[in-house]
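Comments concern the structure below.
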Amino acid sequence: MTLVYLIRMLYANSIYTIKIMGSASKLSNSSSPNRAKSGQWALKPQDVVVALKLVVLRGERLTYEELGKCLKLSQFEAHAAVKRLVAAKLATEIEGKVRPIMATLKHFIYYGAPYAFPAVRGEITIGLPTAHGASPLNEKVLFADENPPVWPSIECTTRGITLLPLYEKAPLAALEDKALYEMLSLFDALRIGAARERQLAMDLLEQRFR
């Protein structure tokens, strides 16, 4: 087994696999003190999508099963993501109702997450436009249609430069939720844009965090 293959295996497991012990009926009983037995909390890329979905929901209450279904995640993955967000003080859970903590979350999205989860670019492909290639930012830049960044997807027809999504099925979730799609596209602009595009994206995100 080569070192590169091993790194790829570890990378794939860290992003797309969440190991949860116990049955679904015990989801609500997990707590941060138990985490001390297994190691340091660490946010994962899908947690950014979950956090932005919480912003879009505007206080609407969903079960973990419903949240997972919206985001093309399992119930266990959705639950684990929320627990990590709560542990990081990016969200709060009171009497089963999960809400984003806007003040801390928006600063993390602006100044932390783009560096914690750097963009991964690739070759020309077919997919779903993102960053300056998607609304609302594509209405404010002149070069939006010139090989825009796209999330690879067989569901779409736009030709552009590959930008890997935060997790494999995030584009499918975005296709079903316009508000989430816009926020994810703006987040991608923070990750890959020049100074002007980053500032525009931040201003547009600020409107959505209010």
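Among the residues of the stretch 140-147, is there at least one that is within 19 Å of LEU71 (Cα to Cα), open to solvent by less than 30 Å² (accessible area, probe 1.4 Å), in contact (Cβ under 8 Å) with a residue 24 or more places away in the chain and outside any helix (DSSP H, G or I)?
Restricting attention to the stretch 140-147, the residues satisfying the condition of being within 19 Å of LEU71 (Cα to Cα) are none.
Within the stretch 140-147, not a single residue is within 19 Å of LEU71 (Cα to Cα), open to solvent by less than 30 Å² (accessible area, probe 1.4 Å), in contact (Cβ under 8 Å) with a residue 24 or more places away in the chain and outside any helix (DSSP H, G or I).
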* Asked: If a residue has to be over 16 Å from LEU175 (Cβ atoms) and open to solvent by less than 40 Å² (accessible area, probe 1.4 Å) to count, how many in the stretch 126-139 make the cut?
  -> 4
* To do: Find all pairs meeting these conditions: Cβ atoms under 6 angstrom apart; at least six residues apart or on different chains; first residue within the stretch 172-200 and closer than 27 Å to LYS72 by Cα and touching a residue at least 40 places away in the same chain (Cβ under 8 Å); second residue open to solvent by 60 Å² or more (accessible area, probe 1.4 Å) and of a type in the set (Lys, Arg).
  => LEU172/LYS72; ALA173/LYS72; LEU190/ARG198
* Asked: Cβ-Cβ below 8 Å, separation at least six or inter-chain, first residue in the stretch 57-71 and touching a residue at least 60 places away in the same chain (Cβ under 8 Å), second open to solvent by less than 100 Å² (accessible area, probe 1.4 Å) and small (Gly, Ala, Ser): which pairs?
  -> CYS70/ALA173; LEU71/ALA78; LEU71/ALA170; LEU71/ALA173
* To do: Scan (1) under 23 Å from PRO152 (Cα atoms); (2) under 13 Å from the mean Cα position of the chain (by Cα) for the single condition ARG121 breaks and write down its number.
  => (2)
* Asked: Being out of contact with any Phe, Trp or Tyr (no Cβ under 7 Å at 6 or more places or on another chain), among the aromatic types (Phe, Trp, Tyr), assigned to a helix (DSSP H, G or I) and open to solvent by less than 80 Å² (accessible area, probe 1.4 Å), is that true of even one residue in the stretch 149-162?
  -> no
* Structure fact -> Going through (1) open to solvent by 80 Å² or more (accessible area, probe 1.4 Å); (2) part of a helix (DSSP H, G or I) one by one, TYR181 fails only at (1)
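The values are calculated or read from the model by the stated rules, or taken from the named source; none is laboratory data. Quantities reported herein were computed from a predicted structural model and do not represent experimental measurements. Positions of Cβ are backbone-derived with ideal geometry, glycine not excepted, and every protein chain shown enters the neighbour counts. SASA here: full protein model, heavy atoms, side chains in, ligands and nucleic acids out. Shrake-Rupley method; radii C 1.70, N 1.55, O 1.52, S 1.80 Å.
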